[in-house]
Structures are given as C-alpha cells and as structure tokens.
Amino acid sequence: MLLLRCPLLLLLLPLSSRPQKFPTRDEELFQMQIRDKAFFHDSSVIPDGAEISSYLFRDTPKRYFFVVEEDNTPLAVTVTPCDAPLEWKLSVQELPEEASGEGSGEPEPLEQQKQQITNEEGTELFSYKGNDVEYFVSSSSPSGLYQLDLLSTEKDTHFKVYATTTPESDQPYPELPYDPRIDVTSLGRTTVTLAWKPSPTASLLKQPIQYCIVINKEHNFKSLCAVEAKLSSDDAFMMAPKPGLDFSPFDFAHFGFPSDNNSGKERGFLKSSSKFGRQTSSKPRVDLHKVCVGNKNIFTVSDLKPDTQYYFDMFAINTNTNMSTAYVGTFARTKEEAKQKTVELKDGKVTDVFIKRKGTKFLRFAPVSSHQKVTFSVHSCLDAVQIQVRRDGKLLLSQNVEGVRQFQLRGKAKAKYLIRLKGSKKGASMLKILATTRPNKQSFPSLPEDTRIKAFDKLRTCSSVTVAWLGTQERNKFCIYKREVDDNYNEEQKKREQNQCLGPDTRKKSEKVLCKYFHSQNIQKAVTTETIRGLQPGKSYLLDVYVIGHGGHSVKYQSKLVKTRKFC
C-alpha cells in the first residue's frame, strides 16, 4: 500500500455526475487535489477523521462510499440523526483489481470504477432504524469499498456522519463518565438544581470540555444536532438546499481544509461551517433554551413556572473538535405554588386586602339569601389592581381598578362568587372591598372623575393659599388638612404618601383646617373653594382633602404641594 495511515475516503455519487476521478491514494497529490475546488464539484469527500453535516429529502436515499485500503484496519462510523429518525445501512464489497494491490499512484477514471463496483450489492455489516446516535465499530476491518446508505421516511432532515480508521487515537467525541445520568439535587417552585459527573475527557485527558444544558417542556433530546434543529433552521448547521440543484456541503474558506499557511500541520479534526447551501426563512423560535455553563458540574436553572414539568439534557462539547456527546437526560416537575387561603366576604362589611408585588389573592362571597343584584365596591389605595369576578365558575367581570369603583352584577339564587385580585407590577397593593346584595348599602363615598386639588396662583399671599376641588351630586363630608414640608420636598416623596385608604384619623389634630358638607345637583357646578389662612411666608405646605361617606369610610384626593409668597 502507498499510504501508511490508511486514509478513509468518503464520496457521494450523485445520480448524474460528470466524469471525474477518485482522490489519489498518494497523500501529497491528495493534499494538492483537495485544494482544487473543481475536483469536489459533484461529490462530498472528507478525509479520514472528519465529521460531515448533510441533508436528506424525505424518501430520497443518499449513498456514500469510502475506501479502506488495508486489511485488519480499525474502523468506526458514527451517524447522528438531527430532527427525524433515519434508516441507514453499512455494507462492504471487494475493491476492483485496479484499485487494490500495488498501484502506480496514478488516479483511475471514476466511470470505470463505478461500473466495476456498482454491479454488486456487497455484504451488509450493520443496519439501524431510529433517531439515536448509533455507531459501527470494528477493531479489524477488511480492505474494500464501504457503502453507507441513508434514508428519511418522515420528513426532510439534517444528519451528521463521522468515520475514522484511528478511533483509539482520535476520540473526537467527549467520553461519558461511568454514570452518565443527570441528578436533580434540589427542586423549588421556580428553580431546579442539576448535577452531573465530569467527562473523563476533561478530568483524565485534560482536553477542553464545556457543558451545555437544554431545557424544554416537550421531551428529551438525543443529540445537540437535534437541539439545534429545533432551535432554528439556520442556527448551527446547513440549510436545506433547493431540490434538483447540485450543491456542495463544503465551504472551503471555513471548513478546515489545509491552507497555504498550515499545509505542513498534522491531520486534525475538521470543523464544519455554520452555514451551508441555499438559505431558507427561519422557523419561529420554540420554548426551548440552551445554557452553556463552562466546565461546571452543578447548575441551578431559574425563572421556571411552578407546577410545570421540564425536560433537561446535558451535552459535553469538546471545544477543540466542536463535537458533542449527550448525557442521559432527565425530567422534573417544579413544586406547586403555596395554596392561598380564600378570604370569606360578609355581606355589607368592608374587608382590607394586602397583595404582594405581582401577587394574587382570592376572595369568596356566598350570599345567604336569594338576591336579584350584587354590588362590589373596590377602593384601590395605591396603584391599579385587576379584579375578576366569577359566578359559579362563569366569568362575569374583568377590570383594572384605580381609586374607587363600583360594579353591579345580576344575581342568581344560591350563587357563589369567586373574586380574584391581582397586584401591580410596580409594588405591593392595598385595597378595601365590599360586597353586598343590598343596593342602598354604600360604604364608600362617590368620587368625581378628577380628584386633583387646584391652587390659584394669583390668590396666593404670604399667609394664605386658595384651592378648589370637585364634588358630586351626593352630599358628602369633606375635610381639608395641611402639613408644612421642607423646600426640597419633591413629587417622589409625595407619591410615596399617596395611600388613599389612610383616613383623617391618622392625621394630627393640629393639621386639620376644617370640615364641611357639600354637593350640587348640577354636576357642572359641583365645585367648592376654600382659603387656608394662618400660613408662614415663603413656606411649602402639603394639602390633603378627604371625602367621608355615610358608612364612615374616607377617600383621599390627590395631595397638592403649595408655597406661600415670601414677600408681599
């Protein structure tokens, strides 16, 4: 034999190829030929010890050939299905006489060899059907022409093939530990902690290994190639070529063939380009996440949903070869949210409710007597809250509530009402809620649409300010309070004090200005003014107006910051 290292040659024989030649078995001439792009125009040829990425159209078989030139040669072939199961078969037949024995080093015409080798089916060595990463390994293979047939019957799909005659020394795929399982060491409502044993390729051979975790809700994956196929059609491997066109899956500028400045280096693993062939539009992203964690052996996955089953896969990637091995995947269900107690509402009684940021509270109202209507009054003390009301499971109401709102719903005999309150994203929420079957039972005072206090700048003096606010057609009691504040008091501080549920009973008696009753049948004229006297020159004051309903519950208008004149 001319070659001492028994190179493995792989080529795709298209149905309509132009006459060309097998790569010569003379290594120096072979290195020259692989730099000639025209030589590979219609065939996929990879040297011994490289992984190819390719594409299968559904129900369209693809056939590869490779030559092993010496008897008793070790051989390993790995086929990795990506996004569909594959059927594949490996067989061998004797080399044509012209291709075996002592050759002259001159390449033979390809057409002659095809005629000699395609008349026989060869001896089947191995066959497989499925979507597992499957191997054919032999420590002593005969010389011959090896034929690899692949078929996808489900759909168009990607796949990868790796073949080598030096499997003991190559070891491009990371080795799995004796226990390749992923352990779930901790489980929470939104977190899962995973641990795994390191690959011996990293711990013993000291090769650079990084671990990548894949999380999804559907199923486990058997290869990183399958993950990449699911993530995106153009993420990390070749695109589907346009049917009917010849194509080469090699990007010679990036595929790893020796260039002028590295032609003297030893044979290494070739890394496939990230994009091949004709591009198509990307598929929508799916609910699948890949997180690479370096060489860690423990990792906590966070931001998961409670009471949800997740599938976890771990892949060890040799960063020198860019080839990966899958650990045995696992799955786990996150813990349920702590069940909340449902608060019972009593007819006509106000209930105070506190909700954490983004939190949820459930309340239940079950009237003891038959009723035609039910009224829900809600007073949101801080930011807006969302309220949903269901009657016997049927959704009747879904609204955002700011300030005071009242909802009147049609009643039903022996009905039960479930109220769901959802807090604000900004911060904690506080509210008061009242449910009643008596329409005239009004605990919260009615409010105008505009609850601002207006200050008249032209009426401002060194010792007084004049303000106005709107009322309603309902006769209510209004109380006004003042509090001196520093000159650097700003809107942010005022916002923090905007709890509308805090009533006059929380104020100092010295801050009270006056209380009065006020209403107007003409809503357009429901405006009242008041002059606040006895103030200090050049000082800032925070003014608050409270409206107090018949049931004694109060609602605060928006606070107003005023300042007296310094010189008069």
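The values are calculated or read from the model by the stated rules, or taken from the named source; none is laboratory data. Model, not experiment: these values are computed from the prediction. Cβ coordinates were reconstructed from backbone atoms using ideal geometry, including for glycine residues, and neighbour counts include every protein chain displayed. For accessibility, only protein heavy atoms count, side chains too; no ligands or nucleic acids. Shrake-Rupley method; radii C 1.70, N 1.55, O 1.52, S 1.80 Å.
Key figures
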quantity	calculated
Karplus 3J(HN,Hα) series, Hz, for segment 51-57 with 6.51 cos²θ - 1.76 cosθ + 1.60 (x for Gly, Pro)	9, 10, 10, 9, 9, 10, 7
Accessible carbon and sulfur surface of segment 453-563 relative to its total accessible area, %, 1.4 Å	46 percent
Part-to-part distance (alpha-carbon centres) for segment 497-542 and segment 57-97, which is given in Å	89 Å
Ordering of 407-417, 310-320 by burial proxy (mean other Cβ atoms within 10 Å per residue, highest first)	310-320, 407-417
Positive-end extreme of charge dipole, segment 343-436 - chosen from LEU434, PHE354, LEU395 (charges on Cβ)	LEU395
Segment 465-490-segment 158-188 distance, computed between alpha-carbon centres (Å)	73 Å
Loop-located chymotrypsin sites (Phe, Trp or Tyr not before Pro) in segment 141-220 whose Cβ has at most 11 other Cβ within 10 Å (DSSP)	TYR178
Share of carbon and sulfur in the accessible heavy-atom surface of segment 343-436 [1.4 Å probe, %]	47 percent
Å² per residue, accessible surface of segment 285-420 at 1.4 Å	58 Å²
Amide H partners (placed H, <5 Å) of LYS296, local residues excluded	TYR211
At R0 = 60 Å, FRET efficiency that the Cβ-Cβ distance of ARG390 and SER139 yields, to 0.05	0.30
Calculated FRET value between LEU561 and SER302, using beta carbons and R₀ = 51 Å, to 0.05	0.75
Segment 527-568 - accessible surface per residue (Å², probe 1.4 Å)	48 Å²
